[in-house]
Amino acid sequence: MADEVVIIGAGLAGLSAAVELTSRGVEVIALEASSRPGGKLDGYRDADGDPVEHGMHGFWTQYRNLFDVVRRAGIPDSVFSEPVRTSYLHEDGRVSSLKSGPVSLPSPLFLLREMSGMSGLGPVDMLSAAAVFAPAFGFDHARDYARFDDVSLLAYLRRRGATKALHRVAIEPLARSLGFTDAGHLSAAAFLSALSFYVVAREHDIDMRVATGNPAETIIDPMVDYINSHGGEVRFGQRVTRLETDGDDDRIHAAVVGSTIAPSELRVPTALLSSGLPTREEAPDGSAVIVRLVGGVPTALSARCTHMGGPVDYRSAEADLYCPWHGGVYDVDGLVVAGPPPTALPSLPARLDGDDVVITLGGASESEVEGAAFILATEVAGAREIVAASDELRERPQYRQVLDLETTSSVVVRMWLDRDMPEELVAAVLTRPEVVDVFFVVSRMQDELRSVPGSVVEAHCYVVDDRMHLTDDEWVDLVTDELGARIPAVRVATVEKAHVSRHLGDFTLFSPGSDDYRPGVRGPMTNLFLAGDWLRTSEPHWYMERAVATGREAAAAILEGMGLGAPEIIPAKSAPVFIRLARGVSGAGQKLDGFVRSLLGVERP
C-alpha cells in the first residue's frame with residue numbers, strides 16, 4: 001500500500017490538512033475535481049483582467065485556526081485588511097454602524113443598542129429582543145446545542161414572544177447573514193451558537209477583516225505552492241467517485257478517480273470558424289475548448305491551462321493563447337511560449353460532420369489512487385455522491401447519514417458602477433431584506449480596485465431557490481432596484497459591467513434537527529477522516545473556521561498514528577468574563593429548575 005495521505009477535495013478544509021501534514025514531512029496527494037483549488041474561496045479574472053470571486057468573505061478575528069494555518073503556509077498578514085466597518089443598511093437609507101459607539105458597551109449590549117435605533121422597532125420590540133437573545137448570552141455549545149436544535153429559529157422566536165417587527169427588521173437579516181437561509185429553515189441552535197461565536201465572544205464590536213486582493217491568488221494559490229514545495233502534490237480534474245476497501249472492511253485501500261467529464265460531443269458550426277483563427281467555445285457542462293478550422297482541417301485543444309487550470313483564450317493582438325491567472329502563454333498550436341505552464345494544451349479529437357466540427361469531450365476511464373490514510377474534505381454534495389457510491393461507507397450508519405445533509409443556494413452579483421457610494425458604506429446587512437441580504441463596496445476593500453472610477457459593489461442574495469432561473473440582466477435589475485431604493489447613488493448609477501454567479505447547493509444548511517445526522521471527524525473506518533464545515537464539532541467554530549479546524553483535527557489524527565506529534569486545535573475564543581459568570585449562573589439555575597420539577601413531577605416545557 002502507498003505511504004501517502006490522500007486528501008479528497010482542495011478547498012479550505014483539505015488544503016489546511018495538507019499544510020499541516022506536509023509541514024511535518026508527510027507525503028500528500030490532494031485530489032480536486034475542478035480545475036481550480038479553493039472551493040468557495042476560488043476566483044478568476046474576467047476578460048478585462050478584473051477580479052471576480054465566488055463571493056466576498058469575511059475573515060473574523062475569531063478564525064484563529066484559519067489565521068494560524070495561513071501563517072504556517074508563509075502567507076503574510078498583510079493579505080488581510082484592517083477591520084472593516086460593518087453596518088446595517090435600513091429601508092430609509094440610514095446606515096448604523098455595528099461598533100461600540102462613543103460609550104463602550106460589552107457584547108452583546110452594543111448590538112442591542114444598535115438595534116434599538118432601527119427604523120420600525122419600539123420599546124415593546126426591544127423587550128422581546130431581550131427574551132430572544134437571553135439564551136445566546138449564556139449559550140454553551142456543548143451544553144445547549146441539543147436543547148435547541150430540533151426547533152426552527154422561526155418557531156423559537158414565536159415561543160420567546162418575539163414581535164413581528166423584531167423578526168422582520170432585525171432577526172431575519174441576522175439569520176440570513178449567519179445561516180444563509182430564512183428563519184423557517186434554520187435551526188435555532190445553529191443561530192444561537194453562531195450568534196454566540198460571532199457576536200457574544202467579541203468585546204465591543206463586530207471585528208471583520210477581508211482579503212486585500214482576490215483570495216484565490218493571495219491565500220489559496222500560496223497554500224498550494226507551500227504544499228507542492230513540501231513534498232505534496234495537488235492534482236486537478238480528479239473527481240473521486242468512490243472509496244474502495246481491499247480485504248479489510250475497516251480500512252480504505254484506494255480512492256477511485258473517474259473521468260471528470262462524461263463522454264460527450266460538442267458541435268461548432270464551421271461558419272463560426274471561417275477566419276481560421278482560434279475560437280473559444282463552451283460546452284453545456286461548462287468545459288471549454290479552443291477550436292480552429294484551417295484548410296478544411298479541424299483542430300481542438302483544451303481551454304484549461306496546464307498550470308492551475310485557468311481559462312485559456314485567444315488574444316488577437318498578440319496572436320497567442322493566454323491564461324490570465326498566472327500569465328501562461330501558448331502559441332496557436334497549444335505549445336508553451338512563456339509563463340509557468342509545465343506542458344502544452346492537450347489536444348482533443350475533432351472531425352468534420354457536414355457543416356459542423358464535432359469535438360469529443362471526456363472519456364470513460366477509472367484509476368485508483370492508493371494511500372495509507374484518507375481525508376474526505378469535499379463540500380456536502382461531493383461527500384454525498386462518494387458515500388452513495390461506496391459500498392463500505394453506505395452500509396455504516398455513521399457515514400450513511402451524510403446522505404441526509406442538506407444545502408442551500410446563493411446568487412452573487414458584482415457590478416462596476418459609474419458612481420461612488422456613500423462614505424459610511426463598506427459592508428452592510430440589509431434590514432427587511434427582499435432579495436439582497438448583504439452588500440459590499442469591494443472597491444473600498446481590495447487594493448487593486450481602489451482606483452476604479454466610480455465603485456465596484458457586490459450583493460449577496462441567499463433565499464433564492466425560486467429565482468435561480470432568472471437571467472443575468474434580471475438579477476442586475478432586481479439588485480439595483482432594491483439597493484437603489486435605499487442608496488440614491490445606485491438609483492442614478494449606470495451599470496458599466498456586471499458578473500452574476502449562481503451557486504446551487506453550495507452552502508451547508510443547518511436545518512432543524514440536522515445535528516443528529518452530522519458525522520464527526522473520526523468514524524468506524526480506521527484510516528478515513530472527514531473535514532469540512534458540515535461536520536458536528538464540540539467547539540462552536542463556524543464556516544471557514546470549522547473547515548480549517550476539522551482539517552487540522554483530521555491531520556492531527558493521522559500524525560498521532562505516525563508518532564509525529566499533532567498540531568494544536570485552537571479552541572473558540574472565550575466570552576468576556578461577565579458572560580462566563582452569567583453562563584455559570586444560568587447553568588446552576590437550570591439544574592435547580594430540573595431538580596424542583598422532578599420533585600414536583602412537572603415535565604419541562
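Quick notes on this one:
- Sequence-distant aspartates and glutamates (8 or more away, or on other chains) whose Cα lies within less than 20 Å of K573: D68, D77, E82, D140, D144, E203, D205, D207, D533, E539, E545, E553
- Distance between the pseudo-spin-label points of R168 and A47 (7 Å out from Cα toward the beta carbon): 4.4 nm.
- The sum of -39500 (n - 2.57) across all DSSP H runs of n ≥ 4, divided by the residue count of the chain, sets its helix-only mean residue ellipticity at 222 nm to -8000 deg cm²/dmol.
- Neighbour-count order for T299, T431, fewest beta carbons within 10 angstrom listed first: T299, T431
- The alpha carbons of segment 231-365 occupy a box of 60, 37, 20 Å along the principal axes, longest dimension given first.
- Pair L564, E282: separation of 7 Å Cα→Cβ label points (nm): 4.0
- Nonlocal amide H pairs with W60, under 5 Å, H built at 1.01 Å: R209
- With the cut-off at under 18 Å, measuring from each backbone N in segment 387-430 to a point 7 Å along the Cα-to-Cβ line of D249 picks out 388-401.
- Taking amide H positions as modeled 1.01 Å from N, with prolines and chain starts lacking one, the residues under 5 Å from D356 and 5 or more places away or on another chain are T270.
- Compactness of segment 298-392 is given as radius of gyration and Dmax, 18.2, 55 Å, from Cα positions.
- Among the cysteines of the chain, C461 have no other cysteine beta carbon within less than 4.7 Å of their own.
- On full extension, the segment bounded by A344 and E233 gains 38.0 nm, given 0.36 nm per residue less the C-alpha separation.
- Cβ crowding within 10 Å, taken as a proxy for footprinting-reagent exposure, orders K573, K40, K164, K497 from fewest neighbours to most as K164, K497, K573, K40.
- Rounded if a/c under 1.5, otherwise prolate or oblate - segment 521-572, Cα gyration tensor axes: oblate
- Gyration tensor (Cα) of the chain, equivalent ellipsoid semi-axes in angstrom: 43, 32, 21
- Once the Kirkwood radius over Cα pairs is known for segment 4-55, the Stokes-Einstein relation at 37 °C and 0.692 mPa s delivers a diffusion coefficient of 270 µm²/s.
- Fully extending the segment from D477 to L504, taken as 0.36 nm per residue of separation minus the present Cα-Cα distance, adds 7.7 nm.
- Short-range pairs are left out: with C-alpha atoms under 8 Å and at least six residues apart, the relative contact order of segment 267-358 is 25 percent.
- R0 of 25 Å, Cβ-Cβ distance A142-T526: FRET efficiency to nearest 0.05: 0.45
- Simple rule: put +1 on each Lys or Arg Cβ and -1 on each Asp or Glu Cβ in segment 406-509, find the dipole, and look at V435, V495, P453; the Cα lying farthest toward the positive end is P453.
- Full-stretch length increase - D92, D150 - with 0.36 nm per residue and alpha-carbon distance subtracted: 17.2 nm
- For the chain, the Cβ-based charge dipole about the Cα centre amounts to some 2300 debye (Lys, Arg positive; Asp, Glu negative; other atoms uncharged).
- Ascending count of other beta-carbon atoms within 10 Å, so fewest first, for R536, R444, R351: R351, R536, R444
- Here is the P(r) of segment 406-509: all C-alpha pair distances, binned every 10 Å from 0, give 15, 49, 29, 6, 0 in whole percents.
- Put simply, the Cα atoms of segment 126-206 extend 29, 28, 24 Å along their principal axes, the longest span coming first.
- Between the C-alpha center of segment 1-44 and that of segment 57-74 there is a gap of 17 Å.
Computed from the coordinates by the stated procedures, all read-outs in this text should not be read as laboratory data. All values derive from a computational prediction rather than experimental measurement. When we count neighbours, we look across all protein chains shown, and the Cβ atoms used for this are built from the backbone with ideal geometry, even at glycine.
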